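So the structure is just underneath, and the comments pick up after that.
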Amino acid sequence: MTNPIEAVRLADPYPGYAALVAERPFAFDPAVSAWVAADAAAVRAVLGSAALQVRPVAEPVPAGIVGTPAGEVFGDLVRMTDGDLQQRLKGVVVEALGNADPEYAARLAAEQTRACLSRGGEVPFEELMFAVPARVVAALCGLDADGSAEAAGLIGEFVQCIPALATPEQQGAAALAAARLRKLLGPGIEHAEAAGNGLLAALVRAARDASWTRTAPLLANAVGFLSQTYDATAGLIGNTLLALAREETPKTSAEREAFVREVARHDAPIQNTRRFATEPFRHGAAEVAPGDQVLVLFAAANRDPAVNPDPHAFRPGREAPVVFTFGAAAHRCPGESLAVAIAGAVVGTLLDSRFDPARLLSGPAEVTYRQLVNARIPVL
Ligand code: HEM
């Protein structure tokens, strides 16, 4: 049986996921010390349950960063908290991101991509996958070119504190990065009126409309815009490039968007997430006890034939696809449109530069993936 954590970086994890969907849709897996939700019904039930939360009760913030700027940011992220306060702040975050213009983000991403390619030489895949999306979101937050470039570098350091197995060195670097990111983004929150119509101004406006007065959580979630973008959008760009090497190239921008969206379903850049039971949770005959962990396999559920007919076929423009890659319910991702727009623009600009994706698969070696436990990001 496939280990669902190791699956994230297998060349082809999908037969293993399909076996889980068919045979063990919701079951305890001692190999990962967690319940594993694999089919669409289980994933929906887990994400929709208030008994299951995003952090262990005993450790709302990873112990190694408590009391540091990284811990302060982490503890205020809507992604990492639950409850009524989270839902109020989530409303503010959703409202702010709803103001972002995906077409404008796409133009920025295309400009950034052209600037990277104009330097000539090898295609800088890492920069296109990680730095360009982060710079675009930093620019949407009102940072200038230098500030955006610095923020893109720093967010790479900050996200290192998120995995459970982060080392003390990574946690230390994340703390420094968080402190500097707050300095970079702080003025945009404090002087939001002057900042005009950027993402931070929208965040402050949405907070005011919701009678939300504390600014520290707003600043933390501005850092969150960057951290949520970082690995996930890199994976979406990388997996789209690999799909382009295998599938027919989309021609129009509408076809390109449909292509990117089908990649998000078919080869999810975020393959799983975790939940922690605070109260008993039942699904079918299974009983999850308080303290138990649940691993939620988005990538398996996306290919559940119960929700997506012929789920293993790559078919852009599917009618009403069911896609779990951006989560569901209380923690659903509010950045989907931005992510799809940015990824589409980076990939489209690369294609327009006459880059031939087929060359990514032309060598004898199998594609390898970064050593991560939930993001599927190819090393190109
Ligand atoms: C391909 C790119 C992306 C993917 C696959 C993705 C996926 C996800 C997923 C799965 C979650 C929920 C995690 C959970 O329930 O455990 C999430 C949450 C979130 N995402 Fe995204 N995301 C992407 C890009 C972005 C971007 C570009 C932004 C903003 C600029 C963003 C902002 C957020 C925020 C603020 C949350 C927290 C929501 C909450 O917990 O209530 N995401 N994302």
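Counting beta carbons within 10 Å around each of SER148, SER118 and listing the fewest first gives the order SER118, SER148. For ALA34, the residues whose modelled amide H falls within less than 5 Å of its own, excluding neighbours fewer than 5 places apart on the same chain, are ASP29.
Think of each Lys and Arg Cβ as +1 and each Asp and Glu Cβ as -1; about the Cα centre, that makes the dipole of the chain roughly 220 debye. Of the residues LEU338, LEU185, LEU85, the one that moves most in a GNM of the chain with alpha-carbon contacts below 10 Å is LEU85. Stretched out straight at 0.36 nm per residue, the stretch from ASP146 to ALA31 would grow longer than its current Cα-Cα span by 36.9 nm.
Normalised by the residues of the chain, what does the relative contact order come to in percent, with Cα pairs under 8 Å and at least six apart?
Working: 625 pairs, mean separation 103.9, N = 380.
Normalised by residue count, the contact order of the chain is 27 percent.
Applying Stokes-Einstein at 37 °C and 0.692 mPa s to the Kirkwood radius of the chain, computed over alpha-carbon pairs, gives a translational diffusion coefficient of 155 µm² s⁻¹. Trypsin sites (Lys or Arg not before Pro) within the stretch 251-296: which are DSSP loop residues with at most 11 other Cβ atoms inside 10 Å? When the trypsin sites (Lys or Arg not before Pro) of the stretch 251-296 are filtered for loop state and at most 11 Cβ neighbours within 10 Å, LYS251 remain. Per-residue 3J(HN,Hα) values for the stretch 250-261, derived from phi via the Karplus relation 6.51 cos²θ - 1.76 cosθ + 1.60 with θ = phi - 60°, read x, 9, 8, 5, 5, 5, 5, 4, 4, 5, 4, 5 Hz in sequence order (x marks Gly and Pro).
Exposure proxy for ILE5, ILE189: other Cβ atoms within 10 Å of each Cβ, ordered fewest to most, give ILE5, ILE189.
When the chain is treated as a GNM with alpha-carbon contacts under 10 Å, the residue of THR349, THR273, THR167 showing the greatest mean-square fluctuation is THR167. Site pair ARG332 and ALA58 shows an inter-label distance of 3.5 nm when each label is modelled 7 Å from Cα along Cα→Cβ. Among the trypsin sites (Lys or Arg not before Pro) within the stretch 287-367, those in coil by DSSP and having at most 14 neighbouring Cβ atoms inside 10 Å are ARG332, ARG354. Taking ALA234, ALA131, ALA329 as the candidate residues, the one with maximal mean-square fluctuation in a Gaussian network model of the chain, Cα springs under 10 Å, is ALA329. Summarising the amide proton neighbourhood of CYS141: residues at separation of 5 or more, or on other chains, whose placed amide H is nearer than 5 Å comprise LEU199.
Taking GluC sites (Glu not before Pro) in DSSP loop states with no more than 13 other Cβ atoms inside 10 Å as exposed sites, the chain has its longest site-free stretch at 1-121.
Taken together, the values in this text are just the output of simple stated rules run on the coordinates, not laboratory data. Note that the structure is predicted; figures quoted are calculated from it, not measured. Backbone-built Cβ (ideal geometry, glycine too); neighbour counts: all protein chains shown.
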